[in-house]
Amino acid sequence: MNLVENGLRALKRLQLTCRESLGYGLKIWTTSKLRDRDPRFDDTWDVTSSIPGWFNEINAVALFQVVAALNPTRVVEIGSYMGRSTVFFGATLQTLGGGGRVTAIDPHTGDRQHREGFAMSEVPSFDMFMTHIRLAGVEDRIDPIVATSSEVAKGWSEPFQFLFVDGWHGYDAVLADGREWIPGLDEGGVAVFDDALQYDEVRRAIAELDREGTMNLWGHFYGQAFAGRTPAPPPCVQHLLDSGRLERLARKVERRISRSGGQ
């Protein structure tokens, strides 16, 4: 009996290793392929990676391709926290040249993970955020607004071409972000929702925004949802989604491995 149990445990460990190796290897390969398309990303990532946070390289290199193609005059970021993604957008706009700017909206009361993890109602982050964007040398590209996205949306009238939604990861919050900001996005603009597959509440809110017609959900790439006001995505996003087909295939393989492990 012990021999059988040990064999089953070893098999499960092997299956887990296969799943992790497949996902990790594919992510490294995809990141490398995307980096090769535009070597300007390297300097941008060198600056961004020094800032604490969860904004990953695979997502950064993907968004660099999109932002470079759009060359926006205004990026609106909902949820800045410590400034990692803010620095990325600011550094990207610096690399592109021109007068593009980032509006970074955050009440700076802390993100969901830390507030729930520490059982605190508020985890102030603005001072550290400002320190990071100054140290990264992108302060002249950033317009921080310490408020909720709903408060800012009420008086917003400026055109913007790129929207990054990474605020409170709750169903009502994501739904409100979409309903209040997507209508103001330029016709050919792009909206990206972070952690679109990690949190069920975020996933359901994005699906509802698509179902009700507030936006068109074009697809996902490594955990982020890409959407906009037009039925079809711009070429830069379509190319990105096409390059993510292997990731979707790998997810199917992982699910099959998981199911076989439960038998």
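Readers should treat all values here as calculations from the given coordinates under stated rules, not as data from a laboratory. This structure is a prediction, so every number in the text was calculated from the model and none was measured. With ideal geometry, Cβ positions are generated from the backbone for all residues, glycine too; neighbour counts draw on all protein chains shown.
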Legend entry - Backbone N within region 61-100 under 20 Å of label point (7 Å from residue 50 Cα along the Cβ vector): 61, 81-97
Inset, instruction - Calculate, axis by axis, the spread of Cα positions in region 48-244 along the three principal axes, and write the results as whole Å, longest axis first. - result: 40, 38, 34
Inset, instruction - Please name which of 176, 102, 152 has its Cα lying farthest along the dipole of region 48-244 towards the positive end, using unit charges on Cβ (Lys, Arg +1; Asp, Glu -1) and the Cα centre as origin. - result: 102
Inset, instruction - Amide H neighbours of residue 221 under 5 Å, at least 5 residues apart or on other chains, H built in the peptide plane: list them. - result: 226
Legend entry - Long-range HN-HN contacts of residue 189 with modeled amide H, under 5 Å: 229
Legend entry - Vicinal HN-Hα couplings computed from phi for region 81-87 (Karplus, 6.51 cos²θ - 1.76 cosθ + 1.60; Hz; Gly/Pro x): 6, 7, x, 4, 5, 4, 4
